[in-house]
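Just below is one structure, and these are the notes that go with it.
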Amino acid sequence: MAKVEQTLFTVGVFQDLAWAERGVEALRQLGFTADVMTLVAKDGPETASFVQKVLGDGPERLDLPNIGPALGKGSLVGVLQGRSRDLAKVGIAGAITRAGFQAHDGLIYETLTGRGGVLVAIEDPARASDALAALLSYGGGNAAIGAWAGRV
């Protein structure tokens, strides 16, 4: 049987942009770079500039169920889109199993993001525990490592 390589994400949701800025800065201080980060948040002028500042590129516009117009950028967005590009239909709650999380985790992330939170994900399997510790230490709510990759 061929071994399928899975990505491993560490995800948390900060309550707002101010908390996300502190959390992202802590992640940067630990050596996590823009190329391993994903951000997703409700659309807004401050959101767009935050994503631009952190990731160096303009965000992708997303229309997400239970969130509405949103902005996102990073590898987690691509994984959530899936081959069928159906993220706009199934939402974070319906697509999160593609990233190794349980469906109830996706519902929590979707709800918190819909309330104005900022979803931050790190894709660095070798340093997942470091990312988790930073997310939890700086207010990343419901932070977890997507440990179910290939099992759901």
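The values are calculated or read from the model by the stated rules, or taken from the named source; none is laboratory data. As the structure is a computational prediction, the values presented were derived from the model and not from experiment. Positions of Cβ are backbone-derived with ideal geometry, glycine not excepted, and every protein chain shown enters the neighbour counts.
Would you call Arg127 of a type outside the set (Val, Ile, Thr), at pLDDT below 95 and assigned to a helix (DSSP H, G or I)?
Here the answer is no, as Arg127 does not meet what is asked.
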Note on Leu119: of the conditions (1) at pLDDT below 95; (2) assigned to a strand (DSSP E or B); (3) not acidic (Asp, Glu), unmet is (1)
Test Val36 against the criterion of being in contact with a Pro (Cβ under 6 Å, 6 or more places away or on another chain) and within 23 Å of Ala128 (Cα to Cα), and give yes or no. no
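Here is a check on your reading of the model: is Leu107 of a type in the set (A, V, I, L, M), touching a helix residue (DSSP H, G or I) at 6+ places or on another chain (Cβ under 9 Å), under 16 Å from Val11 (Cβ atoms) and part of a helix (DSSP H, G or I)?
yes
Could you tell me how many of the residues in the stretch 130-152 are crowded, with 18+ Cβ neighbours inside 10 Å, assigned to a helix (DSSP H, G or I) and among the small types (Gly, Ala, Ser)?
Pass one, the stretch 130-152, residues crowded, with 18+ Cβ neighbours inside 10 Å: 131-132, 134-135, 138-140, 143-146, 149.
Pick out the ones that are also assigned to a helix (DSSP H, G or I) and you get 131-132, 134-135.
Next, only the ones that are among the small types (Gly, Ala, Ser) stay: 131, 134.
Matching residues across the stretch 130-152 total 2.
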Looking for something free of Cβ contacts under 8 Å to residues at least 60 places away in the same chain and in contact with a Pro (Cβ under 9 Å, 6 or more places away or on another chain) - is there at least one such residue anywhere in the stretch 98-106? no
How many residues are surrounded by fewer than 20 Cβ atoms within 10 Å (Cβ to Cβ) and not charged (D, E, K, R) if we restrict to the stretch 119-129? 4
Working only within the stretch 1-33, note down all residues that are closer than 19 Å to Ala99 by Cα, aliphatic (A, V, I, L, M) and modelled with pLDDT of 95 or more. Val11, Val13
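Return a yes/no flag: does the stretch 106-118 have any residue that is crowded, with 22+ Cβ neighbours inside 10 Å, among the hydrophobic types (A, V, I, L, M, F, W, C) and under 18 Å from Arg28 (Cα atoms). First the steps, then the outcome.
Taking the stretch 106-118 as the starting set, the residues that turn out to be crowded, with 22+ Cβ neighbours inside 10 Å are 106, 109-110, 113, 117-118.
Subsequent filtering for residues that are among the hydrophobic types (A, V, I, L, M, F, W, C) retains 118.
Checking which are under 18 Å from Arg28 (Cα atoms) leaves us with 118.
So far as the stretch 106-118 goes, yes, one or more of its residues are crowded, with 22+ Cβ neighbours inside 10 Å, among the hydrophobic types (A, V, I, L, M, F, W, C) and under 18 Å from Arg28 (Cα atoms).
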